[in-house]
1. May I ask you to list the residues in the range 477-496 that are surrounded by 22 or more Cβ atoms within 10 Å (Cβ to Cβ) and either under 14 Å from residue 557 (Cβ atoms) or among the aliphatic types (A, V, I, L, M) (or both)?
2. If I ask for residues that are among the aromatic types (Phe, Trp, Tyr) and within 40 Å of the chain's Cα centre (by Cα), which ones from the range 64-121 would you list?
3. Mind counting the residues in the range 161-181 that are assigned to a helix (DSSP H, G or I) and either at pLDDT below 75 or touching a Ser or Thr at 6+ places or on another chain (Cβ under 8 Å) (or both)?
4. Can you give me the ranges of the helices (runs of 4 or more DSSP H) entirely in the range 200-311 with at least 2 residues that are surrounded by 17 or more Cβ atoms within 10 Å (Cβ to Cβ), in contact with a Cys (Cβ under 8 Å, 6 or more places away or on another chain) and at pLDDT below 60?
5. Looking at residue 468 and the list (1) under 12 Å from residue 446 (Cα atoms); (2) in contact with a Leu (Cβ under 6 Å, 6 or more places away or on another chain); (3) part of a loop (DSSP other than H, G, I, E, B), which single condition is not satisfied?
6. Hey, among the residues in the range 429-447 that are modelled with pLDDT of 70 or more and buried (at least 16 other Cβ atoms within 10 Å of the Cβ), which one's farthest from residue 513 (Cα to Cα)?
7. So which of 411, 468, 450 ends up being assigned by TED's automatic domain parsing to the domain that holds residue 499, surrounded by 13 or more Cβ atoms within 10 Å (Cβ to Cβ) and either modelled with pLDDT under 70 or of a type in the set (S, T, N, Q) (or both)?
Amino acid sequence: MLAAAALGLGCIQLGVVLPGSGDVWWAHVLFAAVFWVYVAAGILAWLRRPSNRIGALLVFGGFMVFAASLANTDIPGIAAFGTVCATAVFAVTIHLLLAFPAGRLRTRASRATVVAAYVVSFVLQAPLYLFDKSAPSPLSVADRADLLLVGEWVQRAAGALVVVATAVILAQRLKRADAAHFRVLGPLFAYGMLAVLTISLRSFLLENIFGLSPLAGATVQLVVFGGIPIAFTLGVLRGGFARTGALDELGTWLGATGAARLSLVDALAQALGDNSVQIVFWVPEQKAWVDSSGTQIELPGPQAERASVELELAGARIGAIVYDAALNDDPDVVRAAGRVIAIAAEHERLLAELRASQDALWRSRARLVAAADRERRRIARDLHDGIQVRLVLLALEAQQIANAPESALATARQATALRVGIDAAAAELRRLVHDVMPSTLIERGLAAATEDLVDRMPVPTSLYLNITDGRLSERVESTAYFVIAEGLANALKHAKAQKLDVRVERAGDRLFVEVADDGTGGAALSVGNGLRGLADRVDVLGGRFHLDSELGVGTRLAADLPCAS
């Protein structure tokens, strides 16, 4: 809307002045072009840095240029307004110089100098039209050439004092600036002071010293004006003051509420001017980086096109900002922005960690379902292909005995063989049932089942039990038992262990189970389904599963389970 208004006003102004402009029509077009450059640059800076007042000052300066151009019209009231604002851009330029980079005047000297500049531009401008008979109506009150001359010199002297004060303040800022800021401040301040001098001393510098005609001098002045918004906009959006802009923007974002508040990533992208910026989070339990959805990612390497800086809160790593290194070549800028958003990033990190935990829980549940299905299929296969077939054969054999007209001795032998087969089938059935859920665990509890398991180990196995027989919940007991059973089985089958240690201990509302061996090590959750299934069972109960298995050292398998009687 602001851009449309500026475009419309400029076109209206040109429509009013161009018909009677003659050969100098281009000067009016130049005035309108400078006005549009100011407004366009100001809107750009305002959109990219909403809390930075430089953009608003540039827009205001553009409208002051437009107001000054109205003095060229033939409409008395409008021309009078333009005459009043003829030197307003002088004050705006001083304001821009002293308020850069955030658009705020931070010292008393700066504020006093800017106030003086506006007094020079508006108050001391009054004698130049009040006592000039050629001034547009109704501004002129008397034809007093003497007072007009005094007014001109007073305004020039006051303007020169304002310029000197501005130069002193800017020189002090340059003296305090570091090398990176000096590279931006030096050229910008030099150009700004040149523009101020062309405004306040145009007739002396351009016409008297350089011998330019009034029209040529005014043209040079307009061209210099046109460069001011471009220089200041580039200084705000790029260069060494991106950090100031970023902090201002993020400070505004932190104070916003409701619909006005952007997402954390959008606010950071707007502050840094990098739409590809990404915030990732550190999950200590997983020792991994995850994005906002909980998906694990890797940070870019040192030679990559993208770079990253880590975020810390109270000395602890919480996340990282991944950004385009070509757009932001100074990591300190990104790091400074990160310090502003650290608390908000910690909130986002906890959400991402929760999402990651939820994803892990759903994946573990899916694996448990799959493991249960596999176990059911195995039991069905064993029953169908093993015991069922054997029982069918035994039934056929029993029928043959019943039908065979043989001697009592032969019948006795066949009956004995049948009895042996039945005993073997029953033993196989007992083993199958024991594999699914040991009867000792069901009838006598975890302590007795663990003792029975350790007693049947073919290698020396020590057992430390510190639990009572008050019985734990069935889920906790069965999970703890299978952790022990899997640990012992792996140690015998794969680790070639010569000594085993089992520890079962309850402390408060936690049950600690541990199986350690002196075998070859090298066990991993990613190999096979046994350990992964155990980890999932422990995870579903809200416990923690640990596996340490260094090659050549041995394996330590442990589970920490929440428990209740």
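1. Of everything in the range 477-496, those that are surrounded by 22 or more Cβ atoms within 10 Å (Cβ to Cβ) and either under 14 Å from residue 557 (Cβ atoms) or among the aliphatic types (A, V, I, L, M) (or both) turn out to be 479, 480, 483, 484, 487, 488, 491.
2. 100
3. Total satisfying the criteria: 8.
4. Once the helices (runs of 4 or more DSSP H) in the range 200-311 are filtered for at least 2 residues that are surrounded by 17 or more Cβ atoms within 10 Å (Cβ to Cβ), in contact with a Cys (Cβ under 8 Å, 6 or more places away or on another chain) and at pLDDT below 60, nothing remains.
5. (2)
6. Here the answer is 440.
7. 450
The values are calculated or read from the model by the stated rules, or taken from the named source; none is laboratory data. All values reported here derive from a predicted model rather than from experimental measurement. For neighbour counting, all protein chains shown are included, and Cβ atoms are generated from backbone atoms with ideal geometry for every residue, glycine included.
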